[in-house]
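Novice: Pasting a structure here, questions to come.
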Amino acid sequence: MKLSFSFLFIFLWIGASFTAIAQKPVITKVAKFKPPVVQTFLGINSNGAAVTKEEAEQLIALPLKITDGNKILYTIDSYQFLYKRKSLIQDEQTGQKQNTFTKVSDRFRTTPLPQVWIDNLKGGFQKDEELYFFDIVVKDKTGRLFSAPELKITIQ
């Protein structure tokens, strides 16, 4: 009798396992999200702008803004900022001086840039340097995330 109960228990357990495996997954369809067409601004400047050193010093302390065609302002979730800095190096063998560029970059979640970045950048801008905001992620009013266009400003 013990053997028949054990056999029956094993048989029911295997049957329940097959039933659990045979169930079809439930797929919920979500409406496809089409992000709005937006533009990125720093002050009144958009991508490709060229500014003077003095204008760059004022711009660096301003918040990054993302707006659509209806001038709706979007919340920034994160972005990366890169400063392409002009430097002067001297060739050890020839003694000639050459211009070169170094890059300083980080990811941020607040705008404008942190005060330490603003303080370090102010007063040192030179011709041909770049302020580059990229990998910008913004949120719409329902919390959906999407990418915004990059912003590159050259100092003339």
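Novice: Please arrange THR67, THR40 by how many other C-beta atoms lie within 10 Å of their C-beta, fewest to most.
Specialist: Working: THR67 15, THR40 23.
Neighbour counts put them in this order, fewest first: THR67, THR40.
Novice: What is the list of residues in region 131-156 whose amide nitrogen lies under 18 Å from a point 7 angstrom out from the Cα of ASN70, following Cα to Cβ?
Specialist: Within reach of a label on ASN70, which here means backbone N under 18 Å from a point 7 Å along Cα→Cβ, region 131-156 contributes 139-146.
Novice: Between LYS103 and PHE134, how many nm apart are label points set 7 Å from Cα along the C-beta direction?
Specialist: Distance between label points: 0.5 nm.
Novice: Let's see if you can work this out: charge +1 on each Lys and Arg Cβ, -1 on each Asp and Glu Cβ, no other charges. What is the dipole magnitude of the chain about its Cα centre, in debye to the nearest 20?
Specialist: 900
Novice: Still on this structure, I have one more. Ordered by residue, what ³J(HN,Hα) values in Hz, to whole numbers, does region 92-99 give under the Karplus form 6.51 cos²θ - 1.76 cosθ + 1.60, where θ = phi - 60° and Gly and Pro are x?
Specialist: 5, 7, 9, x, 6, 9, 9, 7
Novice: Where the centre of each part is set by its Cα atoms, how far does region 40-86 sit from region 107-138, in angstrom?
Specialist: Answer, in whole Å: 9.
Novice: With everything on Cα atoms, drop me the angle between helix 2-21 and the longest principal axis of the chain, reported from 0 to 90° to the nearest 10.
Specialist: Value to nearest ten degrees: 40.
Novice: Work out the length of the dipole vector of region 25-87 about its Cα centre, built from +1 on the beta-carbon of each Lys and Arg and -1 on the beta-carbon of each Asp and Glu, and round it to the nearest 20 debye.
Specialist: Values: 9 positive and 5 negative charges, 63 e Å.
So the dipole magnitude of region 25-87 works out to roughly 300 debye.
Novice: Add +1 for every Lys or Arg and -1 for every Asp or Glu among the other residues with Cβ under 15 Å from the Cβ of PRO114, and state the total.
Specialist: +1
Novice: Moving on to the next point. Compute the normalised compactness of the chain: alpha-carbon radius of gyration over 2.2 N^0.38 Å, N being the residue count.
Specialist: 1.91
Novice: Starting with the highest mean, order 26-33, 118-125 by the number of other Cβ atoms within 10 Å, averaged over the residues of each peptide.
Specialist: 118-125, 26-33
Novice: Along the charge dipole of region 37-156, pointing to its positive end and built from +1/-1 on Cβ of Lys, Arg, Asp and Glu, which listed residue (GLN96, LEU151, PHE125) has its Cα farthest out?
Specialist: LEU151
Novice: What does DSSP give for region 38-155 in terms of the percent of beta bridges that are antiparallel, rounded to the nearest 5? Could you put the intermediate results ahead of the total?
Specialist: Working: 36 of 38 bridges.
If I count the DSSP bridges inside region 38-155, around 95 percent turn out antiparallel.
Novice: Another question about this same structure. Just name one of GLY69, GLN115, PHE9: the one whose Cα is farthest towards the positive end of the charge dipole of the chain (beta-carbon charges, Lys/Arg +1, Asp/Glu -1).
Specialist: Among GLY69, GLN115, PHE9, the one farthest towards the positive end of the dipole of the chain is PHE9.
Novice: Right, here's the next one. So if each residue of separation counts as 0.36 nm, and I subtract the Cα-Cα distance between GLN126 and SER46, what length gain in nm does that give?
Specialist: Length gained between GLN126 and SER46: 26.8 nm.
No value in this document is a laboratory result; all are computed from the given coordinates. The shown structure was predicted, so the numbers you read here are calculated from the model rather than taken from an experiment. Reconstructed Cβ throughout: ideal geometry from the backbone, glycine too, with neighbour counts over all protein chains shown.
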